[in-house]
Structure formats: C-alpha cells, structure tokens
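Please read the structure below before turning to the comments.
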Amino acid sequence: MNLARLGEDGVGTFGEYVSLAYERREWTNVEQQRAANRFAHALRRLGVGPGDRVLVLLPNCPEVLQAYAGILKVGGVIVPVVFLLGPDEVRHILTDSEASAVVTAPELLGKVEGWTGPVVLVGGGDGGHAWDALLAGESDDFATVDRADGDLAVILYTAGTTGRPKGVALSHANLASNARSAASLYELDRTKWSLMVLPLSHSYGLTVMNAGSLLGTKGVLLRWFNPEAVLETIQQYRVESMAAVPTMLVYLLNYPDADRFDTSSMRSWGAGAAPLPLEIVEPFERKFGGRILEGYGLTEASPVVSAHRFSGVRKLGSVGQPIPGVEVAILDDGDRVLARGEVGEVGVRGPNVMQGYYGLPDETARTLRGGWLHTGDMGRLDDDGYLYIVERKKDLIIRGGFNIYPREVEEVLYAHPAVAEAAVVGMRDALMGEEVLAFVALKRGASVDADALIGFCHTRLAKYKCPRQVRFVDALPKSPVGKILRKELRSLA
C-alpha cells in the first residue's frame, strides 16, 4: 500500500472538514489533498518518479504536509530535514540520501548551496521554482502510484549524537502499522483542536499526517515553539491536547506571564523524546490543567513504542505500556531476555521496526540482531508491563565501579526551587574513573551557589551519586527538537 492513501481514505471517511489552522488561515482536508495532488504533478514534471528521494527542509508550515503527501503520491521517498541543522549536515544528507529534488524556503537556500538539482521554494524567490507558481497550473486530481508494503517511504536522519547523521529507512508498512496502532489509543474528541509545535520535519510530522488521517483530527500549527504563542493559541482555540518535549513544559511552567491565559480546555499534554522531570508534573498540572502523559519512541521504530492511555493508570516515571502490535523486552549484554524489574537494554520488535540504516549494513546488523531492535536505552518493565527508561547506555556514569544514572541526579536538582534546567554528565577522574558534573540553568531572578546545590543533593542522594562540580549556564544546549545535547556538555567537561 501507499501511505498517501491514508489521507485519501480519510476524506472518504470523514468528508470535508477544517483540519488545519496556521497563521490566521484555515485549511480543509480536501484542500490539503488538492495541494498534494498538484505538487505530485509538479514533481513528475521535474523528473521525480517512484523511488526517487525528495528532501524537505522547511520550518513548520502547511506546505510540509502537502509536500509529504505529494512525494508519496508520485511514488517518491520523503527525506525530512529539521531546518535548524547546519549546512554541512544538510549537504551530507543530500549526498547520502541521493536526493533528486529539494523543497525548502528562501531563507534556507544557503544550506543547499552547490546543489545542482531542482529546488522548490516555499515563499518564492530566486534560486528555484516558486511553490505557488509551480502548482498553479496543475490538476487537482492525481492517480496515486501503487507501492508495495516493503517499499521505502521515508529516510529519516537521526540527530547525529555520534558522528554524522544516519539515515533510518522506513517502509510504507512500517509507518502505516505504527500510525494505526497509535490511532487505536486515541480517546479525545476528534472535533476539538490539538496544538502542533514540534517540528513537522521529523518523525512527529509523519505521525501527525498518518494518524491524523486515520482519526480525522484537526490541529493548530505554530511555526515554532514560543511560550506566549502556545498559551495564546490554547486560549483562542480552546485546545485540548498538545505533544511536547519536556523542555517545552519546563519553559511553560517558568513563563512569568502564564497566569494571563485560560488553559482550562487542556486535557492531555504528551511528553516524549527526553526524560520528563517528575518534579514539574504536579505544579504544571495545577497551573495549566490536564494530565501529562509520557510516552517513548525512537526514529528506528516509526517512531512510537509505548504510551500511557488517557483513561488508564498513569505511573509517573514510566513511559507507559507498549502500543498494540509492538513488543518490548529488557535484554542483557548477551541479548538474553531479563526478568521483570531488572535493568537492561530496551529491545523492540514489531512491524514498525525499521528496515535498517540506509547504506550502512554493518551498523544495521549491530542494531537489528537476534530479532530485536536494540535501542541503546537502559530500562526495566514492571509487573504490569509499564516501561521505565533509566538512561541511555552511553550516558551512564561509572564512578569507582558504581553505576550512576544521570536522570536520578537530575530529578533531585529539578526539585530545588532555583533550578530551571539541569543535566548531568560524567567527567574523567584519575582516581575514580569518572566523577559527576552537573550543568544548571537557574530560573529568572533566582540565586544559589554550587556548594548549596551539592549540599541539597547530599540530603537526598547517596554521597557517591552527588555532583562533584556544578557549572552554571544561561541555557542548556539542545537539538532542533529540544533534546538536551549531552555530547556537547561532555565536550565541555
């Protein structure tokens, strides 16, 4: 099947309705399909056919979703790229994916400098084909190209925490199965607005497109995250749900003017992509309403692995239970399945698991072995099947032979009233092998010194787990999707 048919079938199921709002304009699902059809025709005229890769490098805008659908309709392969990546990373992805065309914006054109293939510019301008002009003369109808379930649909590049980004190869079946499983857990009113602030040029955008088509949901799209704009939009549209990374929730909680806005319509705040500081949950929900529901996923799993059910039991610190059709196990270093409650590497299997890393057979073999996707995350399962992510394997600190999980130390730091953000990494130590180093950003107007924070940790943690040093920063370095970049912090250590 071709993923594009999910959107076409959604029109048949739900009829025409307003599905998207962006910068004071509303789009219906039918209008979105027509734009995608026109783009598919335009791509064909540019020489793009089945199996060809099209790189999409855009900030959030309706054209991202229209481009995705059009690429799929013509039988092409989507290569989403977060627009905050640097030129060298973008050029690597262009070369590695063997792209045939690029969709970008005039302000981002410098990132594809030297590219000689066709460029489509959303917003017009010199240096490429203007999106509006390109689509203007095309037909609203397009016969979607058939694709096999195992055909490549997307190459999604990982953040590149080690070395250059790797392309995760996802098939039509991978993404369709994950969308159906995620959609089966949706319990909110499809006629109410959700708020979209995460980058569409990421696995999130694919989930929004595919699961949204299955559910007939509607979303307000923001170009990027801004606390004031988020709160203002929630109030204006009476938004019921929003997916976020924990950093965004921290920013909202600490936003000084938050009390000016009515967020009583909110029912669900999804949190994922990074550990949720548990200390913020109670004050956040008291302030804004709704429930924070943490989930877990990764690009290699299309992306959702586990989630809390809206009407189910929430276990704070857990990322919920595996979604339907996805199996999770905890594995030891010999790839043996561990008993409930034991900590090991999280393994995932199911129809959502990637085909592999594009052009990297050895890397694929290391990650997909023994029938499991080895995630690199350390975790445990409780007796009810709830998954707890303890730490990334590479982030584990080993001090004098004792394992220290940074998240445990960070939870204590977040409990201090002066701390806005905290991240803990290991630093080399001649005697102990590694010592604990904390990077901390303080709340606006707050004051505390390093000794006081270390002393605070001593009241709540074993001595060997407490930071030996605390370094204060204005803000922690983050990836384009808001993950704290421990690699950069380790380089500072």
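The values are calculated or read from the model by the stated rules, or taken from the named source; none is laboratory data. All values reported here derive from a predicted model rather than from experimental measurement. All Cβ positions, even for glycine, are placed from backbone atoms using ideal geometry, and neighbour counts span all protein chains on display.
Determine the pairs where a residue that is more than 12 Å from residue 450 (Cα to Cα) and in the same structural domain as residue 443 (by TED's automatic domain parsing), located within the range 460-472, has a partner that is surrounded by 13 or more Cβ atoms within 10 Å (Cβ to Cβ) and acidic (Asp, Glu) with Cβ atoms under 7 Å apart, the partner being 6 or more residues away or on another chain.
465/408
Which condition number does residue 214 fail, the rest of (1) under 24 Å from residue 43 (Cβ atoms); (2) part of a helix (DSSP H, G or I) being met?
(1)
Residue 139 is checked against (1) hydroxyl-bearing (Ser, Thr, Tyr); (2) touching a Lys or Arg at 6+ places or on another chain (Cβ under 6 Å); (3) loosely packed, with under 14 Cβ neighbours inside 10 Å and fails just one. What number does that condition carry?
(2)
Of the residues 209, 248, which is modelled with pLDDT under 95 and part of a helix (DSSP H, G or I)? So that I can check it myself, show each step before the final result.
Working: 209 fails: modelled with pLDDT under 95.
Sole residue among the options that is modelled with pLDDT under 95 and part of a helix (DSSP H, G or I): 248.
State whether one or more residues within the range 120-129 are in the same structural domain as residue 49 (by TED's automatic domain parsing), in contact (Cβ under 8 Å) with a residue 60 or more places away in the chain and not in a strand (DSSP E or B). I'd like the intermediate steps shown before the answer.
At the first step, the residues of the range 120-129 found to be in the same structural domain as residue 49 (by TED's automatic domain parsing) are 120-129.
Filter once more, so that each one left must be in contact (Cβ under 8 Å) with a residue 60 or more places away in the chain: 120, 122, 129.
Checking which are not in a strand (DSSP E or B) leaves us with 122.
Scanning the range 120-129, I find at least one residue that is in the same structural domain as residue 49 (by TED's automatic domain parsing), in contact (Cβ under 8 Å) with a residue 60 or more places away in the chain and not in a strand (DSSP E or B), so the answer is yes.
Residues are listed down the side, and each one gets a yes or a no for (1) surrounded by fewer than 18 Cβ atoms within 10 Å (Cβ to Cβ); (2) more than 25 Å from residue 484 (Cβ to Cβ):
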site	(1), (2)
148	yes, yes
155	no, yes
164	yes, no
174	no, yes
181	no, yes
190	yes, yes
193	no, yes
197	no, no
202	no, no
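Pairs please, first residue from the range 340-359 and over 23 Å from residue 211 (Cα atoms), second anywhere and surrounded by fewer than 21 Cβ atoms within 10 Å (Cβ to Cβ) and among the aromatic types (Phe, Trp, Tyr), Cβ atoms under 6 Å, 6+ apart in sequence or on different chains.
347/372
Has the range 72-87 got at least one residue that is free of Cβ contacts under 8 Å to residues at least 60 places away in the same chain and hydrophobic (A, V, I, L, M, F, W, C)? It would help to see each step written out before you state the result.
Filtering the range 72-87 for residues free of Cβ contacts under 8 Å to residues at least 60 places away in the same chain gives 76, 86-87.
Checking the rest, the ones that are also hydrophobic (A, V, I, L, M, F, W, C) come to none.
No: zero hits.
Given the conditions (1) closer than 17 Å to residue 399 by Cα; (2) in contact with an Asp or Glu (Cβ under 9 Å, 6 or more places away or on another chain); (3) of a type outside the set (Val, Ile, Thr), which single one is not true for residue 477?
(1)
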